[in-house]
Amino acid sequence: MTMSAAGIGSNLDVDGIVSQLMAVEKQPLALLQKREADYQAKLSAYGSLKGSLSAFQTAMQGLADGSKFQAATASAADSSVLAASANGKAVPGSYSVEVQQLAQQQKIRSDGFASTSTVIGSGTLTIQYGAYDSGSNTFTLNNAKPAQTVTIDPANNTLSGVRDAINAANIDVSATIINDGASNRLVMTSKDTGASSSIKISVADDDGNDLDASGLSRLAFDPTAAAGTGRNMAEVQPGQDAKLKIDGIDISKPSNTITDAIEGVTLNLLKSNTGSPTTLTVGRDVAGVKASVEAFVKAYNNVSQTLAGLSAYNAATKTGAALQGDSTTLSIQSRIRATLSATVGAAAAGGGLSSLSDIGVAFQKDGTLALDSTKLQAALDNNFNGIAGLFSAQGKSSDSLVSYVGSTGNTVPGNYAVTVSRLAAQASVAGSQAAGLTITAGINDQLDINVDGTLASITLSAGTYGSADALAAEVQSKLNGTAALLNAGNAVTVSQSAGVLTIASARYGSASAVSVMGGNGAASLMGASPVSAAGVDVAGTINGIAATGIGQTLSAAVGDHAEGLRVNINGGPLGSRGNIGFSRGYADQLNTLVSGFLTSDGLIASRTDGLNASIKDLDQRQSDFNDRLTAIEARYRAQFTALDTMLSSLNQTSAYMTQQLSALPTKYS
């Protein structure tokens, strides 16, 4: 086998020559690699910038909530009697509070069963809520709490099975079993406190008798019925309202958590202090507002320092940061600073403050913000309620029945006139005659109603109702308790006038509709020709331009300065309804601005997409260039190997000739 290696025959350094030539050929590749490294550094820097902006945007989103700047404090002198909290609507002051009685839940119990596995019976339990008046022996349904039904079948007809079925139904009653040493009793507890959350349980017993004292009927509890004829459980603890006095005014509430006694203040009653009133003090949460302003300054300074660091130039080392001179970074930096330097239209919403300098926040020479605590304190003392307008989007109406709902990023601050040409209305169906007050099982106890496109079917409790109001309450309770309406998020209100029932959708506008579909009780309850009325959307203008009405909400026209502004018209007269003053504070503006930077088609995404495309292109160019270098190196190596071979051959020829010449005869002298 013949072996050869470059340069062996000629002493020509083929590898060295090719290596040096390739070093020259590779110089453009090094430039491409350096350019890619620069792009990668910028891409990494943009990742850091994006993370910093995202954190800044999250902070601004939180601070755009005006409640952070309108907080109030509330505390009781005797914290064992009650705890209290307050929001921005609370008016500073002090109140005398005397708690006379705490609200409590109603509890009822069954008679005793031998064991938890004792079979009770099958059927359905219909639970309704209301207030029982022992004086008149009447149970008035709570219209705010719909009826709820639990099915008991052979799979869960034991004492423990009934308990589990009630708890699994996730209704407003909980059940447990208590062993008294001789028997087991089912105890049912209303989850809500208050007299109007007391329980009434009607039974549809599979044994055919709903009012006796056997089968599932053993769990019936109608407080108005005689024992053994629809009342087989006993009350352990009555439901009762909380009773208290605030500044000598008697107050009764169904819960120990009271949110509507003093505007903006929530009271959590803990125990009674009859005869020894405690003092409730409500004040402004100055410390909380200061903390929010400080958080705003810190959030800006953090992102400002990140922007400065990524775009800085080091004069000592004569090197720039990855994004030094980058137009996108400079644009982001400039637009954030411009937003903070401009004034806001907070005065439009009654804020009275229009710039950060009004509360002691100002730019420093290094581009960061600093807070003058003395100036902030002065603003807190003189215009506490106006500070929220400097940071959040706010709308304030001059009409108490016109309320600000929201806005979009397109809504321009300003004052916008509101006029109403039509009020919204709920869809309804009214009976054509007075409803019969006697309901007979299987005869006239069923009613099918379509509410906003959802069919609901109910079975009313049999009996003679004392008034049309009581019957209306029964219909409303049963309808709102149907799974169909609950699952669809629909509800109705049922009223009566001169004995004629009217069923109205809880929803306003053209999307609502109510109609009687049938049932053996339709004619008795609603008459032969019930009259349906369609729902109507509100109509009017905002800023003099026709607005879009959906339900009670008017939305400003697209393209107008007020675009995106939404207000609710909660009744009142037709015609001019005053103005909505809208302002957009700094945190709200910055949240919108930075959110735009971070969107999939925003500045940063556009720039990083460009960098990634450039890197991909450079990768391809380097791959192509490496393929070219491989070919060039192969050519060089082939050429110099051939030269080496040729030189080796020439050297061999030279050696042969020298040898032959040396062998020639010596010339005679």
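The values are calculated or read from the model by the stated rules, or taken from the named source; none is laboratory data. Being a predicted model, the structure only gives us computed values, none of them experimental. Virtual Cβ from ideal backbone geometry, glycine too; neighbours counted across all protein chains shown.
What the table below lists for this structure:
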| read-out | value |
| --- | --- |
| Neighbours by Cβ (under 6 Å, 6+ apart or cross-chain): first from segment 166-191, outside the structural domain of residue 150 (by TED's automatic domain parsing); second surrounded by fewer than 19 Cβ atoms within 10 Å (Cβ to Cβ) and not in a strand (DSSP E or B) | none |
| Count of segment 343-367 residues which are part of a loop (DSSP other than H, G, I, E, B), among the aliphatic types (A, V, I, L, M) and modelled with pLDDT of 90 or more | 0 |
| Test: residue 94 is in contact with a helix residue (DSSP H, G or I) (Cβ under 9 Å, 6 or more places away or on another chain) and either in the same structural domain as residue 280 (by TED's automatic domain parsing) or not basic (Lys, Arg) (or both) | no |
| Selection from segment 368-427 of residues that are in contact with a Lys or Arg (Cβ under 6 Å, 6 or more places away or on another chain), under 24 Å from residue 341 (Cα atoms) and not in a strand (DSSP E or B) | 384, 413 |
| Subset of segment 230-274 (residues that are more than 27 Å from residue 201 (Cβ to Cβ), among the aliphatic types (A, V, I, L, M) and in contact (Cβ under 8 Å) with a residue 40 or more places away in the chain) | 244, 246, 262, 265, 267, 269, 270 |
| Segment 466-484 residues that are surrounded by fewer than 18 Cβ atoms within 10 Å (Cβ to Cβ), paired with ones that are of a type in the set (Val, Ile, Thr) (beta carbon under 6 Å, 6 or more apart) | 484/454 |
| Total residues in segment 428-465, condition in a loop (DSSP other than H, G, I, E, B) and not charged (D, E, K, R) | 17 |
| Residues (among the charged types (D, E, K, R) and within 23 Å of the chain's Cα centre (by Cα)) located in segment 564-579 | 566 |
| Segment 283-293: number of residues that are of a type outside the set (D, E, K, R), in contact (Cβ under 8 Å) with a residue 60 or more places away in the chain and either surrounded by 20 or more Cβ atoms within 10 Å (Cβ to Cβ) or within 30 Å of residue 336 (Cβ to Cβ) (or both) | 5 |
| Residue match in segment 294-302 (condition: in contact with a Ser or Thr (Cβ under 8 Å, 6 or more places away or on another chain) and either closer than 17 Å to residue 244 by Cα or surrounded by 16 or more Cβ atoms within 10 Å (Cβ to Cβ) (or both)) | yes |
| Top-ranked residue in segment 519-558 [being surrounded by 21 or more Cβ atoms within 10 Å (Cβ to Cβ) and under 26 Å from the mean Cα position of the chain (by Cα); ranked as nearest to residue 464 (Cα to Cα)] | 552 |
| Hey, residue 331 surrounded by fewer than 17 Cβ atoms within 10 Å (Cβ to Cβ), in contact (Cβ under 8 Å) with a residue 60 or more places away in the chain, among the small types (Gly, Ala, Ser) and in a helix (DSSP H, G or I) or not | yes |
| Lone unmet requirement of (1) out of contact with any helix residue (DSSP H, G or I) (no Cβ under 7 Å at 6 or more places or on another chain); (2) modelled with pLDDT of 95 or more for residue 478 | (2) |
| Criterion: over 31 Å from the mean Cα position of the chain (by Cα), outside the structural domain of residue 204 (by TED's automatic domain parsing) and closer than 23 Å to residue 512 by Cα - qualifying residue of 443, 449, 439 | 449 |
| Residue count for segment 178-229, restricted to those that are closer than 17 Å to residue 141 by Cα, among the charged types (D, E, K, R) and out of contact with any Gly (no Cβ under 7 Å at 6 or more places or on another chain) | 2 |
| Every pair of residues 6+ apart whose Cβ atoms lie under 8 Å, when the first sits in segment 427-452 and is within 26 Å of residue 489 (Cβ to Cβ) while the second is of a type in the set (Asp, Glu) and surrounded by fewer than 22 Cβ atoms within 10 Å (Cβ to Cβ) | 427/452 |
| Contacts under 9 angstrom Cβ, first residue in segment 488-504 being under 16 Å from residue 524 (Cα atoms) and outside the structural domain of residue 458 (by TED's automatic domain parsing), partner among the acidic types (Asp, Glu) and modelled with pLDDT under 95, 6 or more apart | none |
| Filter result for residue 573 (surrounded by fewer than 19 Cβ atoms within 10 Å (Cβ to Cβ) and of a type outside the set (A, V, I, L, M)) | yes |
| Within segment 37-72, considering residues that are surrounded by fewer than 18 Cβ atoms within 10 Å (Cβ to Cβ) and of a type in the set (D, E, K, R), the one farthest from the chain's Cα centre (by Cα) | 38 |
| Residue list for segment 123-156, restricted to those being part of a loop (DSSP other than H, G, I, E, B) and buried (at least 19 other Cβ atoms within 10 Å of the Cβ) | 142, 145, 146, 147 |
| Among residues of segment 581-614, those that are farther than 16 Å from residue 330 by Cβ and in contact with an Asp or Glu (Cβ under 9 Å, 6 or more places away or on another chain), counted | 2 |
| Residue selected from segment 576-592 under the condition among the polar types (S, T, N, Q) and under 30 Å from residue 337 (Cβ atoms), by the criterion surrounded by the fewest Cβ atoms within 10 Å (Cβ to Cβ) | 592 |
| Any hit, segment 613-629, residues being part of a helix (DSSP H, G or I) and farther than 30 Å from residue 26 by Cβ | no |
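Residue-wise test of (1) of a type in the set (S, T, N, Q); (2) in contact with a Pro (Cβ under 9 Å, 6 or more places away or on another chain); (3) at pLDDT 95 or above.
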position	(1), (2), (3)
470	no, no, no
483	no, no, no
487	yes, no, no
499	no, no, yes
516	no, yes, yes
525	no, no, yes
535	no, no, yes
538	no, no, yes
